[in-house]
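The values are calculated or read from the model by the stated rules, or taken from the named source; none is laboratory data. In this text the structure is predicted, and so the values were computed from the model without any measurement. Quick reminder, even Gly has a Cβ in these numbers, built from the backbone with ideal geometry, and neighbours come from all protein chains shown. We work out accessible area using only protein heavy atoms, side chains counted, and drop any ligands, DNA or RNA first. Shrake-Rupley method; radii C 1.70, N 1.55, O 1.52, S 1.80 Å.
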Amino acid sequence: MSDNSWKTAITDIGPGKIAVRGHDITEVMEKMSYAEAVYLILKGELPSKAEAELMNAILVSSIDHGASPPSVLAARTVMSGGNSLNAAMAGGVLVIGDTHGGAIENAARIMQEWAKKSGDATEIAAELVGWLKESKTRMPGFGHRLHKIDPRTAKLFEIADRNGYGGKHIKLCRAIERALEKILGKQLPINVDGAIAAVISDMGFDWRLGKGFFIISRTPGLLAHVYEEMTRERPMRKLGPPPYEYDGPT
Ligand SMILES: CC(C)(COP(=O)(O)OP(=O)(O)OC[C@H]1O[C@@H](n2cnc3c(N)ncnc32)[C@H](O)[C@@H]1OP(=O)(O)O)[C@@H](O)C(=O)NCCC(=O)NCCS
């Protein structure tokens, strides 16, 4: 091999051979769910039963949230403008930012940095929220326009609890919610981004993968919206809520 060759540790390929992180693709196809394969390719190791269940729940949790999120509006607008499916999908993904879906990244960064501090979760959370108050900064992963209690958060934490899974980041996340109410006097529920951030942090994922989890989860939802726009709506229509109506199955 020449000196300027580069290396990858992800997938080994050769004639008739594809091995993802050392696992033959045909075995992965036979034995693993999509969520388990995502865990394997990102982490480089097989998930435990709890991690497999949690990874599946993460990927399902953010699959769609109706027609109002900015990424959906962007994807439908690009489609409506007479563009290809891939351009519309890319448009949707480009809108995923720090306040929409991408809050996972900053929430996980903060949780991973602050969980290293000494003290119990309540003390660390109080110090963190004090700092947020002073610097007039919002805590990513908390607050929701629609949900007083985000049902996806409750379910993710229920699955973690049921499996006896829950380390310092989930504990800190719950403590931050309590501290936001106590110190800021505001009820800011842990939203799905905050819950995913805590769970992936306990799973040992780097916070820099945060937005990626949301992108993997939301892509099928974006595709469904783009396809619906393509097949059901008139080109270049006036787009954007309000008002829009849901008329799918109850
Ligand atoms: C999601 C979000 C935009 C919803 O906001 P909203 O319900 O419309 O609330 P507003 O933006 O009107 O804010 C209302 C008040 O709560 C505060 N607030 C809202 N979310 C906050 C947070 N995460 N941390 C600290 N304060 C927050 C605002 O500063 C504002 O305070 P003020 O009335 O003293 O000015 C908001 O909670 C937020 O920015 N969260 C952080 C980003 C995030 O998690 N995004 C993912 C969403 S799923």
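Things worth noting here:
- Residue in region 127-143 that is open to solvent by less than 40 Å² (accessible area, probe 1.4 Å) and within 29 Å of T8 (Cβ to Cβ) present: no
- Residue in region 151-162 that is without any contact (Cβ under 8 Å) to a residue 60 or more places away in the chain, part of a helix (DSSP H, G or I) and crowded, with 19+ Cβ neighbours inside 10 Å present: yes
- Test: residue in region 88-105 that is away from the ligand (no atom under 16 Å from the Cβ), surrounded by 18 or more Cβ atoms within 10 Å (Cβ to Cβ) and over 18 Å from L223 (Cβ atoms): no
- Residue within region 176-183 that is away from the ligand (no atom under 16 Å from the Cβ), touching a residue at least 12 places away in the same chain (Cβ under 8 Å) and open to solvent by 50 Å² or more (accessible area, probe 1.4 Å) present: no
- In region 122-139, the residues that are within 8 Å of the ligand (Cβ to nearest atom) reach residues that are modelled with pLDDT of 95 or more and β-branched (V, I, T) with C-beta atoms within less than 8 angstrom, at least six apart or across chains, in these pairs: M139/I110; M139/V129; M139/I176.
- There is no residue in region 202-210 that is among the acidic types (D, E), without any contact (Cβ under 8 Å) to a residue 60 or more places away in the chain, open to solvent by 60 Å² or more (accessible area, probe 1.4 Å) and assigned by TED's automatic domain parsing to the domain that holds M111.
- From the options G143, G130, residue that is within 15 Å of I176 (Cα to Cα) and in contact with a Leu (Cβ under 6 Å, 6 or more places away or on another chain): G143
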